[in-house]
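*Asks:* Got a structure for you, written out below as structure tokens; questions coming shortly.
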Amino acid sequence: MPVAAVIGAQWGDEGKGHIVDLLANQARLVIRYGGGNNAGHTVVNDRGVFKLHLTPSGIFDPNTVNIIGSGVVVDPSALIGELNELKSQGIDTSKLFVSERAHIIMPYHTLQDNLQEQARGASKIGTTGRGIGPVYADKMDRSGIRAVDLLHEEILLGRLRVVLEEKNRLLTKLYNAKPFSLHDLYMQYLDYGRQLADHITDVHPIIHRALEKDFPILLEGAQGVLLDVDYGTYPYVTSSPPGAAGACQGAGIGPTRLSSIVGVYKAYNTRVGEGPFPTELEEGPEADTLRQIGKPWAEVGTTTGRLRRVGWFDAVMARYAVELNSIDTIVITKLDVLDSLPTIKVCTRYKLHDTEIEYPPSTTTILNRVEPIYEEMPGWQTSTSHIREFYDLPEEAQEYVARICQLIGARLGIISVGPERDQVIIVNKIF
Ligand code: IMP
């Protein structure tokens, strides 16, 4: 009964889309379980280059059923736009279903997100501005609008009437913003409901039938576990749980049904937005190499176009991610980005004042003060992008990967050496 959760194990942007696209043709169901269109998954395959924000990466396989799960927050206009774009590129979107229970991002969430960021000034989080914090806050506050509400005129009107009054009070009184019109919002979201009516459904029976039949299921993560609202670098986090527990909750599958928890890591680290990054390289030739500017894999955010911050592989954070999520298999992406470096550093521990520590401190202020302790390894200085077998990799590259696995304590599954679907080295099968 293979149910694999593929989770980002750093600060997001680890290349999950590439891996899920690769695995999707072995799965009958792909379920996106959390986050919203703050995510951006780049998929390169024989159909073209695609930037997905909400649609699960299994959409390219005509036999795969794709589900946007209950833990996802959906901006309907973004989803409709994405589906139209996919359709215009000849992709069949008829097997995409959206959980009725998924919460809907409303324009007041996006506005609130941006106004809050402005008000935070120098303490801003660097959010993607997609309304993620406010929509999850409203969900917990029990004042959200769910996908199912868009399908029922009276329910939508009733919910909006209650919710909007309070929202407008907040926006006008606290931020001096213009209020939203109940009539306009109602008409617009009813129309979105009509456009998405074939997709919004109760996904529970679909998922549980697939479990009963032992179909292979892939749970597709978004963001990364270092952005987890409980365990990430709070407050510089997203507002959902992107890890294994979030996968179960967001997909509606109990933890004992997971057969594998796959953590996706880049061969180095990147981060977008503010927040601590102990191994960050701000400038210099090594930072330039990791940024890959001008190349197809440049470190530029898929969603916001912001330059990603870059740095050496941080095994302290990586091990923490393994321990928090019971990651059993790891995927290392973008190994080829390191191809030209003469030496490569890996952070194995942190130093805080005169003490060596093996876990990240829970406060940002203290985490900002730690000094990484590095182990330096020789680079391989030759191209790896054509290699498909682990033992064909240069010895230094094999040692680098083996050292990462040893430091973080999980078995190796896949290494990616380029953006194309086939640019992978499969060491242990996931399904
Ligand atoms: P939010 O999720 O838009 O509220 O942003 C909160 C933080 O998470 C910011 O630092 C974002 O840059 C970061 N973030 C959110 N989604 C992603 C993602 O998909 N990849 C990388 N960083 C993300």
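The values are calculated or read from the model by the stated rules, or taken from the named source; none is laboratory data. Predicted model only: the values in this text are computed from it and were never measured. Cβ coordinates were reconstructed from backbone atoms using ideal geometry, including for glycine residues, and neighbour counts include every protein chain displayed. Accessible surface is based on the protein model in full, side chains and every heavy atom, while ligands, DNA and RNA are left aside. Shrake-Rupley method; radii C 1.70, N 1.55, O 1.52, S 1.80 Å.
*Asks:* Which pairs turn up if I take residues in the range 30-53 that are in contact (Cβ under 8 Å) with a residue 60 or more places away in the chain and not assigned by TED's automatic domain parsing to the domain that holds E82 and look for partners that are in a strand (DSSP E or B) and within 9 Å of the ligand (Cβ to nearest atom) with beta carbon separation below 8 Å, at least 6 apart in sequence or on another chain?
*Replies:* Taking only residues 6 or more apart or on different chains, not a single pair turns up.
*Asks:* Still on this structure, I have one more. Suppose we filter the range 229-253 for residues that are within 23 Å of K429 (Cα to Cα), over 12 Å from the mean Cα position of the chain (by Cα) and in a loop (DSSP other than H, G, I, E, B); how many remain?
*Replies:* So the count comes out to 1.
*Asks:* With respect to the numbered conditions (1) at pLDDT below 95; (2) away from the ligand (no atom under 14 Å from the Cβ); (3) open to solvent by 10 Å² or more (accessible area, probe 1.4 Å), which one is the sole condition not fulfilled by V65?
*Replies:* Against the list (1) at pLDDT below 95; (2) away from the ligand (no atom under 14 Å from the Cβ); (3) open to solvent by 10 Å² or more (accessible area, probe 1.4 Å), V65 comes up short only on (1).
*Asks:* On the given criteria, is A251 more than 20 Å from A410 (Cα to Cα), among the aliphatic types (A, V, I, L, M), within 15 Å of the ligand (Cβ to nearest atom) and not assigned by TED's automatic domain parsing to the domain that holds Y350?
*Replies:* no
*Asks:* Hey, does the range 177-186 have a residue that's away from the ligand (no atom under 14 Å from the Cβ), closer than 30 Å to D46 by Cβ and touching a helix residue (DSSP H, G or I) at 6+ places or on another chain (Cβ under 7 Å)?
*Replies:* No.
*Asks:* Now for a different question. Mind listing whichever residues of the range 293-334 are of a type in the set (K, R) and either outside the structural domain of R411 (by TED's automatic domain parsing) or within 16 Å of the ligand (Cβ to nearest atom) (or both)?
*Replies:* Those that are of a type in the set (K, R) and either outside the structural domain of R411 (by TED's automatic domain parsing) or within 16 Å of the ligand (Cβ to nearest atom) (or both): R306, R308, R309, K334.
For every residue, the table says whether it meets (1) under 21 Å from the mean Cα position of the chain (by Cα); (2) outside the structural domain of R308 (by TED's automatic domain parsing); (3) over 25 Å from P276 (Cβ atoms); (4) of a type in the set (S, T, N, Q).
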site: P107; (1), (2), (3), (4): no, yes, yes, no
site: T110; (1), (2), (3), (4): yes, yes, yes, yes
site: R120; (1), (2), (3), (4): no, yes, no, no
site: G131; (1), (2), (3), (4): yes, yes, no, no
site: K139; (1), (2), (3), (4): yes, yes, yes, no
site: S143; (1), (2), (3), (4): no, yes, yes, yes
site: L150; (1), (2), (3), (4): no, yes, yes, no
site: E165; (1), (2), (3), (4): no, yes, yes, no
